[in-house]
Amino acid sequence: MKALILNGSPRRGGGTAAVSRRFAASLQKGLGPSASVEVLDLVDLHIEACLGCRLCFDRGEDACPRDDDLAWLSQAILGSDILVLASPVYVDSMSGLMKTTLDRLAWLCHRPGLGGRLGFVLTTTGSADSGRTRASLVQALRYWGVRTLGSHCVLAGARLSPEGLERAGTGLDRAALRLARAALGGLGLRPSLLALLVFQVQRQAWLRETEPSLDLAWWTSRGLLQKGRAWLSPEARVAFPSLALARWAASLIALVMWGPRRARRGPRRGA
Ligand SMILES: Cc1cc2nc3c(=O)[nH]c(=O)nc-3n(C[C@H](O)[C@H](O)[C@H](O)COP(=O)(O)O)c2cc1C
């Protein structure tokens, strides 16, 4: 089992770095010695801003004109079973470093290759809780197909002191152990009702797509558009009533948004 914690703080050795490491230590304890738990400080990587050229969407992530550490980071992310996003709150949002990284990984929202993985979100703030920041980070993981167990915010002030970290420790330990238990119990393969619904709506959209594209080929080649497909991962354990409800609701949403299948007015364009 591999867990990767991405620390998106540009301040080396700051509060988010400390919180990430405390969380990592508890996660390691919960998962056992055979697991690999790693904290990656994004500030130590070379990650340039997205150019908005859409080549990752249209021709594949390898076609990105940026020559930096993103390709390496993508492989590390795809090779993980557990993903944790950690960010300080900057002007009521995530750090620019974390946002830049997520923008560069936007192709994962079109081709959600992380179905079956488990996730968690950590934030640190100066004075206020960060509901909006946490929600954005949870949503990014959800777009990638990650089942996110929740989020935890640490009130750090201007600089998190060792006493502050100790006070926050119990909550962090509890969250990390819950994540470890869920991972060992295979929760990543049991998508939530919301995840099922999102997947079924996406499926309906791709089933209506008329223009060939890399994204459509990705969805088709993985059997995601085959009749009866329940979720991103073929090994997913999905309860029939939830699946039936998600399918019914997705069909209704798709009908309202795009009309009946094969009768769409024009090709649907991605985000
Ligand atoms: C540029 C900047 C913007 C910030 N904006 C906010 C904010 O909107 N709300 C808040 O509560 N704290 C804010 N803070 C405080 C940080 O979120 C807080 O100190 C955090 O723990 C810093 O993490 P670090 O030690 O990893 O850098 C801001 C800090 C900086 C440097």
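The values are calculated or read from the model by the stated rules, or taken from the named source; none is laboratory data. Source: prediction; values computed, not measured. Positions of Cβ are generated from backbone atoms using ideal geometry, with glycine treated the same way; all protein chains shown enter the neighbour counts. Quick note on the areas: whole protein, heavy atoms, side chains included, nothing else; ligands and nucleic acids left out. Shrake-Rupley method; radii C 1.70, N 1.55, O 1.52, S 1.80 Å.
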Tell me, rounded to the nearest percent, the portion of alpha carbon pairs in region 193-258 spaced more than 16 Å apart.
43
How many times 2.2 N^0.38 Å is the alpha carbon radius of gyration of region 4-81?
1.31
Given the Cα-Cα distance of Glu166 and Arg262 and 0.36 nm per residue of separation, how much length would full extension add, in nm?
28.7 nm
Pull up the cross-link candidates among the aspartates and glutamates for Lys2, meaning alpha carbon to alpha carbon under 14 Å and not fewer than 8 places away within one chain.
Glu38, Asp81
Taking the chain and dividing mean pair separation by its residue count, relative contact order in percent (alpha carbons under 8 Å, at least six apart):
19
Projecting the Cα atoms of Ala128, Ala182, Ala156 onto the charge dipole of the chain, where Lys and Arg contribute +1 and Asp and Glu -1 at Cβ, the residue farthest towards the positive end is Ala182
Heavy-atom accessible surface of region 74-129: percent carbon and sulfur, 1.4 Å
53
Please pull out the direction-averaged projected area of region 2-189, using the convex hull of its alpha-carbon atoms, in nm² to one decimal place.
9.8
Compute the signed sum of charges (Lys and Arg +1, Asp and Glu -1) over the other residues within less than 10 Å, Cβ to Cβ, of Gly150.
+2
Give me the net charge for the shell around Thr101: Cβ to Cβ below 14 angstrom, other residues only, Lys and Arg +1, Asp and Glu -1.
-4
Region 20-87 to region 217-236: how many Å between their Cα centroids?
25
Summing +1 for each Lys or Arg and -1 for each Asp or Glu, what net charge is found among the other residues whose Cβ lies under 11 Å from the Cβ of Leu114?
+3
Expressed in nm², what is the orientationally averaged projection area of the convex hull enclosing the Cα positions of region 69-178?
7.0
Nearest-ten-degree value, helix 131-144 long axis tilted from longest Cα axis of the chain
50
What area, in nm² and to one decimal, does the C-alpha convex hull of region 84-138 cast on average over all directions?
3.8
Which percent, to the nearest 5, of DSSP beta bridges fully inside region 2-189 are antiparallel?
5
Amide H contacts of Leu40 (H built 1.01 Å from N, under 5 Å, at least 5 apart or other chain):
Ile5, Leu6, Asn7
